[in-house]
């Protein structure tokens, strides 16, 4: 069964550009490039991957595309443009000419305004994605789920992909209101969800499968096998676990489904959502 990892990052490490990598995360204070990922995916039986922006610059989008064009196993790129800029069409038009440019993302989780995602200029930019057949990745903390539901409702024809199951408070073992908000968001058929980013929301040193189980169960209940995708969040996830360990865990969790449904989660939904 083919497998696509729908969420990973590359970077050439610098303390200035990646100041969010603190002392507790020193294991990822180094370069992570295509050759490094290729070793990981081969060992885990993964066939391809989608690169996602880690820096908020158009330069980042170009750099990711440059690597994707040189590496067949990189199937798509989710980059960054300034969606609040009235001239964003210029960047979108240029980037969308690349066959591997599939979508954009903004680090909404880092915005101090909990309602940032409802901003007028930002939403005008989102409206332009349809013209270029691009997806939008939603990166939020669980506290931003309610405004994100209202945001999705503004764009019923846009395909959205939720990153990291909206980063619930796994370490604190808190389910509500994340659980209820996930079930509500999933009622929107234009939203897919990546099973990713969970290890880094748990206790990095002491997490167990039992800690993650309620969050897996809720996510599967909410989105079902037709709108879920595997993502690793490599190399960030290395602060809490190993690449193959995570892939194997997701495969085990989705084994409750039929072979055809597992194939959707591990491969076909990625192809469908991102048009790979």
Q. Would you say residue 250 is at pLDDT 95 or above and either buried (at least 21 other Cβ atoms within 10 Å of the Cβ) or outside any helix (DSSP H, G or I) (or both)?
A. yes
Q: Considering every residue within the stretch 8-22, establish whether at least one is assigned to a helix (DSSP H, G or I) and closer than 15 Å to residue 235 by Cβ.
A: no
Q) Looking at the stretch 108-128, which of its residues are part of a helix (DSSP H, G or I) and either modelled with pLDDT under 95 or farther than 21 Å from residue 198 by Cβ (or both)? A) 116, 117, 118, 120, 121, 122, 123, 124, 125, 126, 127
Q: Filter the stretch 143-180 down to residues that are under 16 Å from residue 217 (Cα atoms), crowded, with 17+ Cβ neighbours inside 10 Å and under 18 Å from the mean Cα position of the chain (by Cα), then give me how many there are.
A: 7
Q: Find all pairs meeting these conditions: Cβ atoms under 6 angstrom apart; at least six residues apart or on different chains; first residue within the stretch 193-220 and in contact (Cβ under 8 Å) with a residue 60 or more places away in the chain and at positive phi; second residue crowded, with 21+ Cβ neighbours inside 10 Å and part of a helix (DSSP H, G or I).
A: 197/164
Q: Read through the list (1) surrounded by fewer than 18 Cβ atoms within 10 Å (Cβ to Cβ); (2) over 15 Å from residue 105 (Cβ atoms), then give the number of the only condition that residue 220 fails.
A: (1)
Q. Hey, residue 188 hits all of (1) free of Cβ contacts under 8 Å to residues at least 60 places away in the same chain; (2) in contact with a helix residue (DSSP H, G or I) (Cβ under 7 Å, 6 or more places away or on another chain); (3) on the phi < 0 side of the Ramachandran plot; (4) surrounded by 19 or more Cβ atoms within 10 Å (Cβ to Cβ) but one; which does it fall short on?
A. (4)
Q. Which members of the stretch 3-38 meet the condition of being within 18 Å of residue 77 (Cβ to Cβ) and loosely packed, with under 12 Cβ neighbours inside 10 Å?
A. 12, 35
Q: Scan the stretch 58-82 residue by residue and report those that are over 15 Å from residue 12 (Cβ atoms) and assigned to a helix (DSSP H, G or I).
A: 58, 61, 65, 68, 69, 70
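The values are calculated or read from the model by the stated rules, or taken from the named source; none is laboratory data. Remember, it's a predicted structure, so these values are computed and weren't measured experimentally. Every residue, glycine as well, gets a Cβ built from its backbone with ideal geometry; the counts of neighbours run over all protein chains shown.
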